[in-house]
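Student: I have a structure I would like to understand better, so I am pasting it below and will then ask my questions one at a time.
The values are calculated or read from the model by the stated rules, or taken from the named source; none is laboratory data. What you see is a predicted model, and the numbers here were worked out from it, not measured in a lab. Just the protein is used for accessible areas: all its heavy atoms, side chains included, with ligands, DNA and RNA removed. Shrake-Rupley method; radii C 1.70, N 1.55, O 1.52, S 1.80 Å.
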Amino acid sequence: VCEDACGGTPRTSPSDAVDICIPAGPFMRGRDTTGHRPVREITLSAFYIDRYPVTVRRYAECVASGSCTPPAHPDGRDAFLDPSWTNHPVNGVSWDQASAFCAWDGARRLPSEAEWEKAARGPSPRGPRFPWGDTADDCSILQSRSCAAARMTEGRVAREYDGLPLTASFYGVEMMEGGGFEWTLDLLDWDY
């Protein structure tokens, strides 16, 4: 019988709000080639994280409840008001708005910077820079500024929340690279 290492019940629906359990254990934090130093192995407790970035649809539910305010940045506000962007990651929210969403979304919190990095990287030892390898040149995998067909449009993430399946991390978390900016609970601290 398989047991959930996070010790709870993961959310399994709706599809854009699925949880993934990141098990306790070590991972390599930092990378010499990007200036993120020191590279060292650290160990974290198990935690849940959303499989996908928060969608405009989910964020709109929080706004409708009165617990959140519309995105602060003009780019995010325009996408938020555009019904054709409902299934895209929400953007243009402040740290306070992201925190308010988490509190509304089941009394949760933003992931710590270290938790976010482990969810993106996988367990130790992991070598590649990205889940698919060390290069960001393949536009079929990654939305980046060099990919004309997949660029952010007017500050919006151009693909829907599940539109970059090849970016899934070791644990199955998607769009951690190429899905827009994401907030963490704390700032990057090399002495974590």
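Student: Could you put T43, T69 in order of accessible surface area, largest first, with the 1.4 Å probe and the full protein assembly present?
Tutor: Working: T43 100, T69 75 Å².
Descending accessible area places them as T43, T69.
Student: Which whole-Hz couplings ³J(HN,Hα) result when phi for each residue of the range 73-80 is put into the Karplus expression 6.51 cos²θ - 1.76 cosθ + 1.60, θ = phi - 60°, listed in order with x for Gly and Pro?
Tutor: 6, x, 4, x, 5, 4, 5, 4
Student: Here's another thing I want to ask about it. With a 1.4 Å probe and every protein chain kept in, tell me what percent of the accessible surface of the range 1-112 is carbon plus sulfur.
Tutor: Accessible surface attributable to carbon and sulfur in the range 1-112 totals 55 percent.
Student: Would you grab the residues whose amide H sits under 5 Å from the one on G172? Only those 5+ places off in sequence or on another chain, please, with H modelled 1.01 Å from N.
Tutor: Hits under the 5 Å cutoff: none.
Student: Now for a different question. Counting only heavy atoms of the protein chains, get the accessible area per residue of the range 44-87 (1.4 Å probe) and round it to a whole Å² value.
Tutor: With all protein chains present, the range 44-87 gives 47 Å² per residue.
Student: Could you calculate the contour length gain from A64 to A107, that is, 0.36 nm times the residue separation minus the distance between their Cα atoms, to one decimal place in nm?
Tutor: So the chain would gain 13.8 nm between A64 and A107.
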